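Q: Sharing a structure, written as structure tokens. Questions coming.
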Amino acid sequence: MKIKSVRARVFQWKGKTVPPQGNFCSNAMDLLYAPQETMSTFRFHSWTVVEIETDDGIVGLGNVALAPAIAKAIIDQYLAPLVVGQDPWDYEYLWQRMYRATHAWGRKGVTMAAISAVDLAIWDILGKSVNKPVFKLLGGRTKEKIPCYYSKLYRTDLKEMQAEAQKFLDQGFTAFKMRFGYGPAHLQKGVVENLKSVEAVREVIGYDNDLMLECYMGWNLEYAKRMLPKLEKFQPRWLEEPVIADDIDGYAELNQLTGIPISGGEHEFSLYGFKQLLDRKAVSVVQYDTNRVGGITAAHKINALCEAHSVPVIPHAGQMHNYHLTMSTLASPMSEYFPMHDVEVGNELFYYIFDGEPVAENGFLQLDDHKPGLGLTLKTEYLKDFDIVE
Ligand SMILES: O=C(O)C(=O)C[C@@H](O)CO
Ligand SMILES: [Mg+2]
């Protein structure tokens, strides 16, 4: 079997979006004076879809959400020529070819995200060519079904957050991730508001359900050191991305500071990036995203590294490319789960592009043993809401 063609298209959402609401998610731009709404650079309103066709007519689907137009350019100009004419079963060789050919300017960020999209499509081909789901090629079914946590609860009016938490508690979720709205720039009032929001959600879900706290790189070391002791009484399962991804020393200091585990990794890349995080005990939960970190080829290696370090892997974002990694290893106890809703930040855009995503039931997800490859197809229902750039 040989790769015949690589097609990368950018799906640009032009449908309805929920307008940004104030401080609904702390983020790295909060620490700067930013004339526009600070979360604007972290909205995912476009997505690049990669379709790789083989000489015997199998089409593999990959995807990338980070800087999708740039990722497409990297795929078209640099990565596609490296894989066309090659055997997709030589996936390690092809991954190394893409990684080393772009090493001078790649390694992390959008280049590794572009490599991930090509790698996902290759693994989709592999599964389809042997009529097996990808997780069966990685280690098989390690769980009867995948526990997942409800992830949204952006900072809005406290009563609205409580109603949202109650709605999904009633749907059987036993784990919830909420977002802080405030950071160092919002002074002591922001500290009080942050603590109020955690108290409000705990009031609804109680203490026999898990609560995870998301900072999305919006704090700094000094502020996180002030906040962590104040948060201990709420017994969070983890505090996520308190500082920017490059501040590994900051992560490591915070991870030893209190009994609250620090999580991160959705903005880290490659096996080497996670070796650094684990060697320095910077995180207690690893959260790579398989469409960023280097695809399935890289994520599978990182799963083994995490197993050796006894650090759990709970990939960022849910989505099918991550579910296969979680299903295939005991090192990954659960998945993140975004429900489908109106397009807001954009993590939910995946549902408008692809069919095949499992819907959570009572806080669990199921994968089909008999659905080959990643188990996704392109959805046609919302095509009118996208401009598609070839
Ligand atoms: O789901 C996460 O962990 C994210 O970081 C998503 C991002 O949009 C902030 O909520
Ligand atoms: Mg996150």
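The values are calculated or read from the model by the stated rules, or taken from the named source; none is laboratory data. Everything quoted here is computed from the prediction, not taken from an experiment. Ideal geometry is used to build each Cβ from the backbone, glycine not excepted, and the neighbour counts take in all protein chains shown. Just so you know, the surface numbers come from the protein's heavy atoms only, side chains and all, with ligands and any DNA or RNA stripped out. Shrake-Rupley method; radii C 1.70, N 1.55, O 1.52, S 1.80 Å.
Every residue, every condition in (1) more than 20 Å from Arg292 (Cα to Cα); (2) within 16 Å of ligand 1 (Cβ to nearest atom); (3) open to solvent by 30 Å² or more (accessible area, probe 1.4 Å); (4) in a helix (DSSP H, G or I), yes or no:
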| site | (1), (2), (3), (4) |
| --- | --- |
| Thr41 | no, yes, yes, yes |
| Val50 | no, no, no, no |
| Gly57 | yes, no, yes, no |
| Gly62 | no, no, no, no |
| Ile70 | no, no, yes, yes |
| Gln77 | no, no, yes, yes |
| Pro81 | yes, no, yes, yes |
| Asp87 | yes, no, yes, no |
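Q: Further question on the same structure: Condition test on Tyr288, is it open to solvent by less than 10 Å² (accessible area, probe 1.4 Å) and among the aromatic types (Phe, Trp, Tyr)? Break it down into steps so the answer makes sense when it comes.
A: Details: open to solvent by less than 10 Å² (accessible area, probe 1.4 Å): yes; among the aromatic types (Phe, Trp, Tyr): yes.
It is true that Tyr288 is open to solvent by less than 10 Å² (accessible area, probe 1.4 Å) and among the aromatic types (Phe, Trp, Tyr).
Q: Tally up the residues in segment 352-390 that are without any contact (Cβ under 8 Å) to a residue 40 or more places away in the chain, open to solvent by less than 40 Å² (accessible area, probe 1.4 Å) and under 16 Å from Val50 (Cα atoms), please.
A: Qualifying residue count, segment 352-390: 1.
Q: So, one more: Does at least one position in segment 4-24 carry a residue that is among the β-branched types (Val, Ile, Thr) and part of a loop (DSSP other than H, G, I, E, B)? Talk me through it step by step, then tell me what you get.
A: In the first step, residues of segment 4-24 are kept if they are among the β-branched types (Val, Ile, Thr); the result is 6, 10, 17-18.
Restricting the remaining residues to those that are part of a loop (DSSP other than H, G, I, E, B) gives 18.
Yes, segment 4-24 has at least one match.
To keep it simple, each residue is scored yes or no on (1) within 16 Å of ligand 1 (Cβ to nearest atom); (2) touching a Gly at 6+ places or on another chain (Cβ under 7 Å); (3) among the β-branched types (Val, Ile, Thr); (4) open to solvent by less than 10 Å² (accessible area, probe 1.4 Å).
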{"site": "Asp208", "(1), (2), (3), (4)": "no, no, no, no"}
{"site": "Met212", "(1), (2), (3), (4)": "yes, no, no, yes"}
{"site": "Tyr216", "(1), (2), (3), (4)": "yes, no, no, no"}
{"site": "Met227", "(1), (2), (3), (4)": "no, no, no, yes"}
{"site": "Lys233", "(1), (2), (3), (4)": "no, no, no, no"}
{"site": "Arg237", "(1), (2), (3), (4)": "yes, no, no, no"}
{"site": "Gln256", "(1), (2), (3), (4)": "no, no, no, no"}
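Q: Has segment 259-266 got any residue that is under 19 Å from Pro312 (Cβ atoms), outside any helix (DSSP H, G or I), among the β-branched types (Val, Ile, Thr) and touching a residue at least 24 places away in the same chain (Cβ under 8 Å)? If you could, list the steps in order and put the result at the bottom.
A: To start, the set of residues in segment 259-266 that are under 19 Å from Pro312 (Cβ atoms) comprises 259-266.
After this cut, where a residue has to be outside any helix (DSSP H, G or I) as well, the list is 259-266.
If we keep only those that are among the β-branched types (Val, Ile, Thr) too, we end up with 260, 262.
Still in the list and also touching a residue at least 24 places away in the same chain (Cβ under 8 Å): 260, 262.
Within segment 259-266, one or more residues are under 19 Å from Pro312 (Cβ atoms), outside any helix (DSSP H, G or I), among the β-branched types (Val, Ile, Thr) and touching a residue at least 24 places away in the same chain (Cβ under 8 Å).
Q: Let me ask you something else. So the check is Cβ under 7 Å with 6+ separation or different chains; which pairs have a first residue in segment 53-71 that's at negative phi and a second one that's surrounded by fewer than 24 Cβ atoms within 10 Å (Cβ to Cβ) and assigned to a loop (DSSP other than H, G, I, E, B)?
A: Thr54/Met1; Thr54/Lys2; Thr54/Pro88; Asp55/Met1; Asp55/Lys2; Asp56/Met1; Leu61/Leu376; Ala65/Phe44
Q: Between residues in segment 10-25 that are open to solvent by 40 Å² or more (accessible area, probe 1.4 Å) and among the aliphatic types (A, V, I, L, M) and residues that are within 16 Å of ligand 1 (Cβ to nearest atom) and in a strand (DSSP E or B), which pairs lie under 8 Å by C-beta distance while being six or more apart or on different chains?
A: Filtered contacts from segment 10-25: Val18/Val343.
Q: Next question, about the same structure. When both residues are 6+ apart or on different chains and their Cβ atoms are under 8 Å apart, which pairs have a first residue that lies in segment 230-248 and is of a type in the set (Lys, Arg), and a second that is part of a strand (DSSP E or B) and open to solvent by 20 Å² or more (accessible area, probe 1.4 Å)?
A: Close Cβ pairs (under 8 Å, with a partner that is part of a strand (DSSP E or B) and open to solvent by 20 Å² or more (accessible area, probe 1.4 Å)) amount to Arg237/Asp210.
Q: Kindly list the number of the only condition in (1) farther than 23 Å from Lys108 by Cα; (2) within 16 Å of ligand 2 (Cβ to nearest atom); (3) modelled with pLDDT of 95 or more that fails for Lys384.
A: Lys384 satisfies every listed condition except (2).
Q: Can you give me the number of residues within segment 239-254 that are open to solvent by less than 10 Å² (accessible area, probe 1.4 Å), away from ligand 2 (no atom under 12 Å from the Cβ) and either in contact with a Ser or Thr (Cβ under 8 Å, 6 or more places away or on another chain) or assigned to a helix (DSSP H, G or I) (or both)? So that I can check it myself, show each step before the final result.
A: Just the residues of segment 239-254 that are open to solvent by less than 10 Å² (accessible area, probe 1.4 Å), to begin with: 239-243, 250-251, 254.
Add one more test, that the residue is away from ligand 2 (no atom under 12 Å from the Cβ), and what stays is 243, 250-251, 254.
The next check asks that each one be either in contact with a Ser or Thr (Cβ under 8 Å, 6 or more places away or on another chain) or assigned to a helix (DSSP H, G or I) (or both); those that pass are 250-251, 254.
The number of residues fulfilling the criteria is 3.
Q: May I pose another question? Just one of (1) open to solvent by less than 10 Å² (accessible area, probe 1.4 Å); (2) under 30 Å from Ser40 (Cβ atoms); (3) touching a helix residue (DSSP H, G or I) at 6+ places or on another chain (Cβ under 9 Å); (4) at pLDDT 95 or above trips up Leu349, so point out which.
A: Here Leu349 clears every test but (3).
Q: Additional query: Applying the selection to segment 148-161, what residues are on the phi < 0 side of the Ramachandran plot, crowded, with 20+ Cβ neighbours inside 10 Å and not charged (D, E, K, R)?
A: Hits for segment 148-161 are Cys148, Tyr149, Tyr150, Ser151, Tyr154, Met161.
Q: Looking only at segment 175-186, which residues are more than 16 Å from ligand 1 (Cβ to nearest atom) and either within 14 Å of Glu203 (Cα to Cα) or free of Cβ contacts under 8 Å to residues at least 12 places away in the same chain (or both)? Spell out the reasoning first.
A: So the first thing to find is which residues in segment 175-186 are more than 16 Å from ligand 1 (Cβ to nearest atom), and the list is 184-186.
Listed by number, the list is empty, since nothing qualifies.
Q: Could you list all residues from segment 194-206 that are open to solvent by less than 20 Å² (accessible area, probe 1.4 Å) and in contact with a Leu (Cβ under 7 Å, 6 or more places away or on another chain)?
A: Ser197, Val198, Ala200, Val201, Arg202, Ile205
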